[in-house]
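Working notes, structure below.
The values are calculated or read from the model by the stated rules, or taken from the named source; none is laboratory data. Values in this document were obtained by computation on a predicted structure and should not be read as measured data. So basically every Cβ, Gly included, is an ideal-geometry build from the backbone, and we count neighbours across all protein chains shown. Surface accessibility is based on the protein's heavy atoms, side chains included, excluding ligands, DNA and RNA. Shrake-Rupley method; radii C 1.70, N 1.55, O 1.52, S 1.80 Å.
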Amino acid sequence: MSPGPVAGAPSFFPLLLNHAGAMKIHEYQGKQIFRQSGVTVLDGHVARTPDEAADAFKKLGGPLAVVKAQIHAGGRGKGTFVEHPEQHGVQLVRSAEEVREVAGRMLGSRLVTIQTGPEGKVVNQVFVEAGCDIARELYLGIVLDRDASRPVLMCSSEGGVEIEQVAAETPEKIFKEHFDPAQGIESYQIRKLCQQLDIKGKTVRSADKFMKSLCRMFVDLDCSLVEINPLVITGGDEILALDSKMTFDDNGLFRHPQLAELRDLSEEEESEVRAGAAGLSYVKLDGNIGCLVNGAGLAMSTMDIIKLHGGEPANFLDVGGGADVDQVTEAFRILLGDPNTKAVLVNIFGGIMRCSTIADALVSAARTVGFNVPLVVRLEGTEVKEGRRILEESDVDCIIAMDLADAAQKVVDAAVAVSA
């Protein structure tokens with residue numbers, strides 16, 4: 001069994017849980033699914049050119065609409081564009097010509113939000129949605145509560161505000177109801193939430209239908225997250241989704257081939273897409289020490305101990321127990337293709353994966369890819385002596401470490417020396 005995170009080190013586990021194993025889709029795609037699932041949404045059309053956006057406004061036929069930039073990130077309403085700092089990612093418009101102008105500024109530009117980083121994300125499409133009479137804005141989200149082993153429906157009166165801010169500053173304003181995935185959420189639970197949110201009258205009936213449909217959809221489609229911010233109550237006392245954020249558990253996609261077709265690879269990290277195609281578990285991070293490890297637990301412990309010794313991991317990479325030479329070679333291509341990587345740590349505990357196999361792969365990768373940064377190797381377990389012999393007799397320039405602490409210190413020192 002792989003060791004857990006190192007005591008005293010900041011574990012990367014929560015970050016990896018949120019990052020890996022979940023396929024994201026765009027708002028307009030989520031609202032198509034909402035509509036099919038009986039969840040109330042407004043009319044809207046996706047557009048990829050300014051003219052298409054203008055035509056979408058005409059089709060809606062109303063006096064006003066909203067143009068929304070479509071990227072895989074939240075905070076679009078407050079986000080601004082690198083090329084047009086005065087332009088936000090969500091814009092109210094009142095004519096086809098205004099839609100054309102707004103969409104023209106958005107499309108092809110980089111939108112910077114609280115979730116994109118300073119480089120932003122390029123907007124390739126916009127969603128033109130009908131306007132509505134908003135009486136109240138709320139928040140609604142569904143996630144899997146791992147401690148309770150059940151989905152949990154969360155609601156708050158603080159709609160339109162980042163839920164992380166609400167949780168940090170006024171957690172008492174977030175109300176939760178766990179539900180049985182087979183049974184779905186019960187009407188009495190919804191009435192309780194409505195009472196906490198001060199929802200009354202016929203709006204309670206609208207909430208009952210809305211929340212039951214949403215919870216059923218969450219389970220049926222193997223979602224890992226559904227978030228609506230804001231959820232609105234209209235002037236006609238109807239509840240509808242003004243936003244849509246959905247992610248799906250990758251492990252359940254084989255049951256939903258229609259969902260896999262919604263994947264937008266242009267929104268994903270290229271190195272992570274490459275790794276996935278090679279059968280590798282990889283998540284890109286912001287550090288400068290590349291990690292190649294077998295086993296997810298050992299990979300997280302490796303990252304933690306690097307951090308403990310003053311370094312910053314550049315990635316999470318688990319090659320698994322059955323990786324072959326081609327997979328390990330591709331792993332090195334990905335690691336060394338990151339310009340931030342200043343050193344690489346290979347940490348293998350041989351079980352199913354023999355140390356000799358990794359050593360052969362390292363020699364092959366050195367010849368095929370070429371190592372342009374220091375390489376620290378720590379091998380233990382099955383056929384460790386043979387693995388070390390292969391490396392010693394090869395022309396691979398590597399630094400041998402005898403244990404995990406030794407490996408972490410050596411790779412941190414090597415990265416510092418390269419960066420100096």
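Results, tabulated for the structure shown:
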| item | result |
| --- | --- |
| Table column - 3J(HN,Hα) (Hz), the range 316-327, Karplus curve with 6.51, -1.76, 1.60, x for Gly and Pro | 9, 8, 10, 7, x, x, x, 5, 9, 4, 4, 5 |
| Fully extended contour minus Cα-Cα distance, from Gln196 to Val273, at 0.36 nm per residue | 23.4 nm |
| His178 accessible area, assembled protein chains, probe 1.4 Å, Å² | 70 Å² |
| Neighbour-limited loop hits for chymotrypsin sites (Phe, Trp or Tyr not before Pro), the range 300-399 (at most 15 other Cβ within 10 Å; DSSP other than H, G, I, E, B) | none |
| Proximal lysines relative to Lys212, as straight alpha-carbon distance under 18 Å, when same-chain residues fewer than 8 apart are discounted | Lys31, Lys176, Lys192, Lys200, Lys202, Lys245 |
| Globularity index of the range 112-232, i.e. its alpha-carbon radius of gyration over 2.2 N^0.38 Å | 1.15 |
| Rh (Kirkwood; distinct C-alpha pairs) - the range 20-64, Å | 12.3 Å |
| Selected from Ala69, Ala22, Ala296 as most flexible by GNM, with the chain as the system and alpha-carbon contacts under 10 Å | Ala296 |
| Alpha-carbon centroid distance for the pair the range 29-79 / the range 261-308, whole angstrom | 33 Å |
| Chain lengthening between Thr40 and Asp237 when straightened (0.36 nm per residue, less Cα-Cα) | 69.6 nm |
| Considering only the chain, percent of DSSP beta bridges that pair antiparallel, nearest 5 | 75 percent |
| Integer Hz, Karplus 6.51/-1.76/1.60 couplings in order for the range 405-416, x for Gly and Pro | 5, 4, 5, 4, 5, 5, 6, 5, 4, 5, 5, 5 |
| Highest-fluctuation residue, Asn347, Asn124, Asn372 considered, GNM on the chain with Cα pairs under 10 Å | Asn372 |
| Area projected by the alpha carbon convex hull of the chain, averaged over all directions, nm² | 22.6 nm² |
| The range 276-420: Cα Rg divided by the 2.2 N^0.38 Å rule of thumb | 0.91 |
| Centroid-to-centroid separation of the range 351-386 and the range 88-115 [C-alpha atoms, Å] | 50 Å |
| Pairwise label distance in nanometres, Val122 with Lys209, each label 7 Å out on the Cα-Cβ vector | 4.3 nm |
| In order through the range 295-305: 3J(HN,Hα) via Karplus (6.51 cos²θ - 1.76 cosθ + 1.60), integer Hz, x for Gly, Pro | x, 5, x, 5, 5, 5, 5, 4, 4, 5, 6 |
| Distant-in-sequence amide H partners of Ala22 (H built 1.01 Å from N, under 5 Å) | Asp250 |
| Cβ-placed point charges (K, R +1; D, E -1), dipole of the chain about Cα centre in debye, nearest 20 | 920 debye |
| Cα-based Rg / Dmax (Å) for the range 212-356 | 19.8, 70 |
| Nearest 10 degrees, 0 to 90: helix 384-393 Cα axis against the chain principal axis | 70 degrees |
| Fully extended contour minus Cα-Cα distance, from Arg94 to Ala22, at 0.36 nm per residue | 22.2 nm |
| Calculated FRET efficiency for the pair Gln115/Asp338, C-beta based, R₀ 22 Å, to 0.05 | 0.55 |
| Degrees, to the nearest 10: 355-368 long Cα axis against longest axis of the chain | 80 degrees |
| Residue-averaged 222 nm ellipticity for the chain, from DSSP H runs of 4+ at -39500 (n - 2.57), nearest 500 | -11000 deg cm²/dmol |
| Two-site label geometry, Arg150 and Val373: point separation in nm, points 7 Å out along Cα→Cβ | 4.6 nm |
| Rounded to 5, percent antiparallel among DSSP beta bridges of the range 253-375 | 35 percent |
| Amide H contacts of Ala401 (H built 1.01 Å from N, under 5 Å, at least 5 apart or other chain) | Val377, Arg378, Leu379 |
